[in-house]
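I have placed the structure first, in the form of structure tokens, so that the comments after it can refer back to it.
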Amino acid sequence: MQQVDFPNQAPPAVASAEPIIRAEKIEKYYAQPSQNRIQVISATDLSILPGEILALLGPSGSGKSTMLRMLSGLSTPTAGQVYWHQKPIAGAEINVSIVFQSFALFPWLTVLENVEAPLQARGVEPDERRARSMKMLDTVGLDGFEAAYPKELSGGMKQRVGFARALVVEPEVLFMDEPFSALDVLTAENLRSELLELWANKTMPTKAVFLVTHNIEEAVLLADRIVVLGRNPGHIRTDFRVQLPQPRDRKSEPFTQLVDYIYKVLTRPDVVPAQAPDQLAVPAVRDQRQMHYQMLPHARPGGVAGLLELLLDKGGRDDIYHLADDLAFEIDDLLPIVDAAQLLGFLTVEEGDAAITPSGTEFANSEILRQKELFRDAAVEHVLLLRQISRALEAKSDHTVPEDFFLDMLDEQFSEEECLHQMETAVTWGRYAELFDFDAGRRRFVLPDASEEDAVANTPPVAPSAPPGEEDSK
Ligand code: ADP
Ligand code: MG
């Protein structure tokens, strides 16, 4: 398996410590209505050690939440085993709590009652639970808000309640699933540093923190150790310690280098760079899974064109980290566009830089109609699914093929939801490239009619409107 626990050269002080939670070859499958099972996590080993803030980083859909649920005992792996202090977690008396992105407060309870709820569930006497909850509300800066209801609070305040409720039970491991993602930038930054302070001052008795995030900077800011997940199915791409001292400076050279390095890992689906920045020792991880279909990144052709034009404007090469910054994009927004441009051969990613290729340059310099042609050539050359759809349409005498034909092939590889996303993206790309059109009424791919070609070329790729049967009546 791809899991590597520690860098070879610089074993951390806690490496010999006994893990609090240890997952051994855990896998997760979800049943599909079509009876197929889809694998969401492939056999993975992962340990949570005392003294660490571990960040689990990965693009959305890579299985971060699924991992969190299995490690925290909320859900059972399909295969493999999770141990809590060496005992199978199912029968063990575990002490963990979870903070969710959505806050997950009880709207009908006051702030104080929300914080008391887990203590009540554990049978703590009323006086004690009140006292502990008041103290915890004080710690997270919510004194004076005991009697308020969640709906009266801002997002940041709600998440403070979320933290208070999680911490009041003095969990040994605190799990957090994108706890700052729903907050505005400043509020998120505030809460992050307050959390770090509580952790550093040992104000909370918690021994380890497991943080799920898709935000690279957040991971580098907070974590002692970062595990990067890849997807389809979820697997560990790299696992390393962050050696930067706290408090960390986002503008410092080692910080940006590390962010850059992680961008690099995330933008090269098949290759993990062997060399990390100096302060790290990152083991290379081989990705051995064979995929038939590429995962189409959910990017619009217009986004690809925009990125290439910006890149050309900047001399043809720029740091992805800077590009994201310039565009004020989050990783989840920019990566699919970079991936798409890379898949089409319009750019390459090296050393965390995006570099435009000759065909990318030609694309960026062309008029829209020529761009469509270049996109079409690149799509047919590089994207198996688009090539198959296009070939099938040419081969059939009626020039139409049902969507199901391709869905049946895709669903061996992707979840049902992802199959639909893949189809949606294929349709968007295919229409833009004028490779084919899609008749949503009949759920069939169709070849754009030769006589209609000009009309189609001038039609923006909007929702298909052809009513059923229209093709036949011509
Ligand atoms: P992440 O948290 O990284 O965004 P998740 O763990 O939520 O990813 O999901 C990983 C994959 O598993 C996704 O493709 C998602 O659609 C699928 N998935 C998650 N939960 C379920 C479920 N209960 N049933 C079926 N598929 C699921
Ligand atoms: Mg998630």
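Annotations
- Residue-normalised accessible area of the chain, expressed per residue, 1.4 Å probe, Å²: 46 Å²
- Counting only residues at least eight positions apart within a chain, or on another chain, the lysines with an alpha carbon under 28 Å from that of residue 25 are 64, 87, 207, 264.
- Across the stretch 379-388, computed HN-Hα scalar couplings (Karplus, 6.51 cos²θ - 1.76 cosθ + 1.60, θ = phi - 60°) run 5, 5, 6, 9, 10, 4, 4, 5, 5, 5 Hz from first to last residue, x flagging Gly and Pro.
- The residues packed around residue 50, meaning those with a beta-carbon under 10 Å from its beta-carbon, carry a net charge of -2 if Lys and Arg are +1 and Asp and Glu are -1.
- Computed over the chain: relative contact order in percent, which uses C-alpha pairs under 8 Å that are six or more apart: 14 percent
- Long-range amide H partners of residue 210 with built H, under 5 Å: 54, 174, 175, 176
- Averaging 1/r across all pairs of distinct Cα atoms in the stretch 290-382 and inverting the result yields a Kirkwood radius of 13.2 Å.
- Taking all Cα pairs closer than 8 Å and separated by 6 or more residues, the relative contact order of the stretch 349-436 comes to 28 percent.
- Expressed as a whole percent, the accessible area of the chain that falls on carbon and sulfur atoms is 50 (1.4 Å probe).
- Per-residue extension of 0.36 nm, minus the Cα-Cα distance of residue 332 and residue 250, leaves a gain of 27.6 nm for this segment.
- Simple spin-label estimate for residue 314 and residue 87 in nanometres, 7 Å along Cα-Cβ: 5.4 nm
- In the chain, helical runs assigned H by DSSP with n ≥ 4 each contribute -39500 (n - 2.57); averaged across all residues and rounded to the nearest 500, the mean residue ellipticity at 222 nm is -12000 deg cm²/dmol.
- Computed as a quarter of the hull surface, the mean projected area of the alpha carbon convex hull for the stretch 17-100 stands at 6.3 nm².
- Within the stretch 161-190, backbone nitrogen closer than 18 Å to the virtual label 7 Å beyond the Cα of residue 74 toward Cβ: 161-183
- Sorted largest first, the principal axis extents computed over the alpha-carbon atoms of the chain equal 80, 49, 42 Å.
- Here the Karplus curve 6.51 cos²θ - 1.76 cosθ + 1.60, taken at θ = phi - 60°, turns the phi angles of the stretch 99-113 into couplings of 9, 9, 4, 7, 6, 6, 8, 7, x, 8, 10, 6, 4, 4, 5 Hz, with x standing for Gly and Pro.
The values are calculated or read from the model by the stated rules, or taken from the named source; none is laboratory data. The structure presented is a predicted model; accordingly, all values stated were derived computationally and were not measured. For neighbour counting, all protein chains shown are included, and Cβ atoms are generated from backbone atoms with ideal geometry for every residue, glycine included. Note: accessible area is taken over every heavy atom of the protein model, side chains too, but ligands, DNA and RNA are not part of it. Shrake-Rupley method; radii C 1.70, N 1.55, O 1.52, S 1.80 Å.
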